Each structure stands twice: as structure tokens, then as C-alpha cells.
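Structure, as C-alpha cells:
Please treat every number below as a calculation from the coordinates, not as lab data. These numbers come from a predicted model, not from an experiment. Backbone-built Cβ (ideal geometry, glycine too); neighbour counts: all protein chains shown.
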Amino acid sequence: MEIKEFDPTAQVDPAVDLKAIPPPLPEIVSLRVFAET
Amino acid sequence: MIDPRQAAAGIVGAVDWHSAVSGYCRCPGESLHTHKTGKKDCRVCVDGVPTIFCFHSSCAPAVAEANKRLRRGLGSPWTLRLPDGRVLRAGDVLQSSGAVLPREVVLARAQAEGRNPGEQLILETLVVMAERFKPELFETFHWPFAQIVEDSPLKVCDRDADDQFRTWLKLWPAHCHVWIGDVYSSGRPEHRTHFRPVADWYQIGPVMGNYTCGAAFKAGTYSRSNANCDGTRFLVVESDTLAKDEVGAVFAYLNLRLHFNLHAVIDTAGKSLHGWFDAPRDKHLEARLKATLTVFGCDSKLFTYSQPVRVPGAYRNGKLQRIVWLKS
């Protein structure tokens, strides 16, 4: 098993990982970028 | 009284119900997917916290908007008759055992914990999801003891007691005051000698007791209590029920899926292993992690940061408490 190093601020919410709730939206959503996707 | 399944279908379209309260549906943001869409990529559930969840991330804004509509739609009272005749109400949680957790119990638990009822409902839903995931956890993340030792980036398990202890001390920032003692070496002024800076312990060695804590303490304290912790801490994951060949799956899940940094795995010279991780970044995440890890079989006391845990380099019934996995 290869254990990995992560940015400590990147901890994932288990409620999101186990699909109890949807992931939060990015703090800033650029409408232009969103419209282009 | 609205039918919650009809209300959900009114928002996401046709639902392929695989249980009384949960089913697969078309993602409300499917047109935004940047990868191929599978039949089971998007799911809707109506009990607990009504939620639409999609595996894809590019559709998040559309899913968030649909979730708002779903929760608004299911915000007024509703009932659902289950196949066995029981009735589920808005805010009740259908547990993995099939039992219904009534919303009154959810509210009472929220009140007892001083928690927002909505957050309590998320925690109760999370418990159900964690119970469903548990068999997959131990299969997917299987990391038995021998493999943990073999996978260690630094080979430390054969080091002697002094070396084990001093290697472990390096996990701590130099300014930290660390407690080392036995369980009752706390609470009276004479116990001040058990709370020392890391540099002092480096000189003294592993002779003051078999235990330490995952948290550092304020300078000058003599009492091992949460109030005296200085804020520097690790999350020490342990279990009284999972064997050494099982608990590694929890460590691997925490690292690979939840992105918690693993610093060391310690063999307690008993039946268990302890995983030393970064502490959760906030109280919110901590409560959710506690609910999840408890379902997986971990000790809920691990979130009491002043809880004593085994220190490497000390002996327990003639056996060395030692680090078996250490990051480089």
C-alpha cells in the first residue's frame, strides 16, 4: 500500500466521500468558465 | 400529504428505486459531465437528509441547485409506507439494519450534544452510509500488519527502545511540551515532571511511563486534560475490536480517500496498532469523522485528545512498544 502525502487543508469530509451529502461547490464559481464547460 | 418518491421524481425524472428510499436517476447536470456517464453514477435518497449525489464533479452546480429544490420539495411533512407496512416520516432515517430512527430521537440527540438538528441529521445519515460501506472498506483497503511493516518508507521496527523513543519524538515540533507517564501521572503538582519539552525527553529517554498523548500541553501544567492542551495534536486512531490485520484498512482509507496524512503506525505490544494522523482541520469535520470511524470499529475516545496512548520505546509485559511504519 503506497501511503500518500497531502496538503493538510485538503482533508475530505467523510459525509461527502460516503455520499451522505453532495460535495460543496468551489468557493468562487466563474460563470464564464462554468458556461464554457 | 406529498409522496416523497414522486416529489423526487418530479425533480430528477424517472428513478430506478433500489431500496424504499434510495434509487438511481439521471444527473440533473449530465450535460456538463466531462467523462462518460454510467447508469449508477447519480443517486437520490429521500430519508434523512434528502440528497442527490453524482460521482462526477463537473455537474456540481447543477446538482447543488437540484438539491435545493429537492430539500425545498421535501421540506413539508410527508410520509412513506415501507414494504413491511411501517411508516417513514420526513426527517426519519432508515438505518442499514432496517430499523427506523425517528426524527424525535434525532432532535433529542442534537439537543443533548448542543448541535444543529440539520447537522445531527447529516451525522445519522452518515452512520447509515458508513455501515453500508464497511464491508467494502475492509476488502478494498486491506492492509495487514506484515504489509504495513514491509511498506514503511523508513525501516524502524527493529530499532532498540531508545532509538524508537527518540525517533517518535521527532514527530513533534521542537517547542511542544509532551506528557509521558502512566495513566495516573496527572492531576497533582508533583506530576509536573511528566510534562516536559521535547528536548528534555530526548535527554531523559523512555523511562517515565508507558503512555503519552496525541496532544501537546501548555507549559507549566501538571494535569492531563483537554483544557490544558496547547492546540498541537495528532489524531491517534485505535480500535479495541479490530485486529492488527484489520485496522490497517481504516488507516489506508483515512489516507487514500480522506487525505489525512499518516505520520506513524505504532505496535502497542498488545493486540492493537495505533495510527498517528494529522488532526481534523475543524470541529465540524471532527464530528463527522468520529461518527464514521466509530462505525468502522474504532474507539470513539480517540477524539479525546488528552486520552493516554502507548508510547514507543517503553515495554509492556516484556514486549517493546514500537514504531512499525514511519513516513520518510
#### Entry: First in the stretch A:1-19 and within 18 Å of residue B:153 (Cβ to Cβ) and facing another protein chain (nearest Cβ under 7 Å), second anywhere and among the polar types (S, T, N, Q) and surrounded by 15 or more Cβ atoms within 10 Å (Cβ to Cβ), Cβ under 6 Å, 6 or more apart
A:3/B:255; A:6/B:261
## Note on the structure
With the first residue restricted to the stretch B:282-308 and required to be closer than 16 Å to residue B:115 by Cβ, and the second required to be of a type in the set (Lys, Arg), Cβ contacts under 9 Å at 6 or more apart or on different chains are B:287/B:115; B:300/B:290; B:303/B:290
### Query
With the stretch B:66-184 as the region, which strands (runs of 3 or more DSSP E) entirely inside it contain at least 3 residues that are touching a Phe, Trp or Tyr at 6+ places or on another chain (Cβ under 9 Å) and buried (at least 20 other Cβ atoms within 10 Å of the Cβ)?
B:177-181
## Note on the structure
Only one of (1) farther than 28 Å from residue B:26 by Cβ; (2) charged (D, E, K, R); (3) more than 10 Å from chain A (Cβ to nearest Cβ) does not apply to residue B:150, and that is (3)
### Query
Among the residues of the stretch B:5-19, is there at least one that is under 28 Å from the mean Cα position of the chain (by Cα), assigned to a helix (DSSP H, G or I) and in contact (Cβ under 8 Å) with a residue 12 or more places away in the chain?
no
### Message
Just to be sure before I move on: is residue B:40 of a type outside the set (Gly, Ala, Ser), part of a loop (DSSP other than H, G, I, E, B) and within 21 Å of residue A:22 (Cβ to Cβ) in the structure I sent?
### Response
yes
### Message
residue B:31 - would you say it is within 11 Å of chain A (Cβ to nearest Cβ), among the small types (Gly, Ala, Ser), surrounded by 15 or more Cβ atoms within 10 Å (Cβ to Cβ) and not in a strand (DSSP E or B)?
### Response
no
### Query
When you scan the stretch B:139-184, how many residues do you find that are hydrophobic (A, V, I, L, M, F, W, C) and farther than 16 Å from residue B:262 by Cα?
10
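For residue B:226, indicate whether it is under 30 Å from residue B:134 (Cβ atoms) and exposed (fewer than 15 other Cβ atoms within 10 Å of the Cβ). So that I can check it myself, show each step before the final result.
Details: under 30 Å from residue B:134 (Cβ atoms): yes; exposed (fewer than 15 other Cβ atoms within 10 Å of the Cβ): yes.
Taking the combined requirement at face value, the residue satisfies it.
When residues of the stretch B:253-268 are filtered for being within 14 Å of residue B:146 (Cα to Cα) and facing another protein chain (nearest Cβ under 10 Å), how many remain?
Kept after step one, since they are within 14 Å of residue B:146 (Cα to Cα), are these residues of the stretch B:253-268: B:265-267.
Filter once more, keeping what is facing another protein chain (nearest Cβ under 10 Å): B:265.
Residues flagged as within 14 Å of residue B:146 (Cα to Cα) and facing another protein chain (nearest Cβ under 10 Å) within the stretch B:253-268 amount to 1.
Residue-wise test of (1) of a type outside the set (D, E, K, R); (2) more than 14 Å from chain A (Cβ to nearest Cβ); (3) more than 20 Å from residue B:146 (Cα to Cα).
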residue: B:217; (1), (2), (3): yes, yes, yes
residue: B:240; (1), (2), (3): no, yes, no
residue: B:243; (1), (2), (3): yes, yes, no
residue: B:247; (1), (2), (3): yes, no, no
residue: B:279; (1), (2), (3): yes, no, yes
residue: B:302; (1), (2), (3): yes, yes, yes
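Among the listed residues B:84, B:47, identify the single one that is under 29 Å from the mean Cα position of the chain (by Cα) and not β-branched (Val, Ile, Thr).
Details: B:84 fails: under 29 Å from the mean Cα position of the chain (by Cα).
Only one candidate qualifies: B:47.
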